[in-house]
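The values are calculated or read from the model by the stated rules, or taken from the named source; none is laboratory data. This one's a predicted model, so the numbers in the text were calculated from it and none came from an experiment. So basically every Cβ, Gly included, is an ideal-geometry build from the backbone, and we count neighbours across all protein chains shown. SASA here: full protein model, heavy atoms, side chains in, ligands and nucleic acids out. Shrake-Rupley method; radii C 1.70, N 1.55, O 1.52, S 1.80 Å.
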Amino acid sequence: MGFNQHWVPLIMFCVTMITYNVTHGGHSMGPITSGRGLRQGDPLSPYLFLICAEGLLLLLKHYERHHWLTGCRVARSAPMVSQILIADDSYVFCKANENEAQNVLQLLHSYELASGQQVNFAQSSVFFS
């Protein structure tokens, strides 16, 4: 996405070098090193989420420009809609055919490789009209 080459390692350092100290009954236990990266409530979370969402949008627009995904219209004169992002839910619209379904899977795989995030297919749905 064009970030400065020094910025990405700095952010990754903030995300990966996390330690905790737990205090219980007056005794401190730790440091405990986290291997999972960001946690819910982390101050960086909203910003990194927005950067990842922007990356997903750019990837979707790339697929749309190359006609690998075709959005839908709510009316004949309405603009084409290929995605809706609401909070942490993503809706991708395409033609209900095998080619575009494969393109959606390829798009998601590309996004996973670029962002490190993985789609949970057990919590995902597909709808056909």
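Students often check this: by mean Cβ neighbours within 10 Å, which of 22-32, 51-61 ranks highest, and how do the rest follow?
Top to bottom by mean Cβ count within 10 Å: 51-61, 22-32.
By how many degrees, between 0 and 90 and to the nearest 10, does the Cα long axis of helix 45-65 differ from the longest principal axis of the chain?
For 45-65 against the chain, the angle is about 20 degrees.
Which value in deg cm²/dmol, rounded to the nearest 500, describes the helix-derived mean residue ellipticity at 222 nm for the chain, given -39,500 (n - 2.57) per DSSP H run of n ≥ 4 and division by the residue count? If you can, show how the numbers build up before the last one.
Working: 3 runs with 49 residues, N = 129.
Calculated at 222 nm, the ellipticity per residue is -12500 deg cm²/dmol.
Can you tell me how segment 77-129 classifies by the Cα gyration tensor, rounded, prolate or oblate, using a/c under 1.5 as the rounded cut?
Prolate, because a/c is 1.5 or more and a/b exceeds b/c.
Given a 1.4 angstrom probe, I'd like the percentage of the accessible area of segment 40-89 that is carbon and sulfur, rounded to a whole number.
62 percent
Using the Cβ atoms and a cut-off under 15 Å, what net charge is assigned to the surroundings of Val126, where Lys and Arg are +1 and Asp and Glu are -1?
-2
Using alpha carbons only, how many degrees (0 to 90, rounded to 10) separate the axis of helix 7-16 from the longest principal axis of the chain?
Helix 7-16 sits roughly 60 degrees off the main axis of the chain.
Subtracting the Cα-Cα distance from 0.36 nm times the residue separation, let me have the gained length for Met12 to Ala122 in nm, one decimal.
36.8 nm
If I model a spin label at Thr70 and Gln102 as a point 7 Å from the Cα along the Cα→Cβ vector, what separation in nanometres do I get?
About 1.6 nm, to one decimal.
In square nanometres, what is the average projected area of the Cα convex hull of the chain? Let's see the in-between values first.
Values: hull surface 45.2 nm².
Mean projected area for the chain: 11.3 nm², to one decimal.
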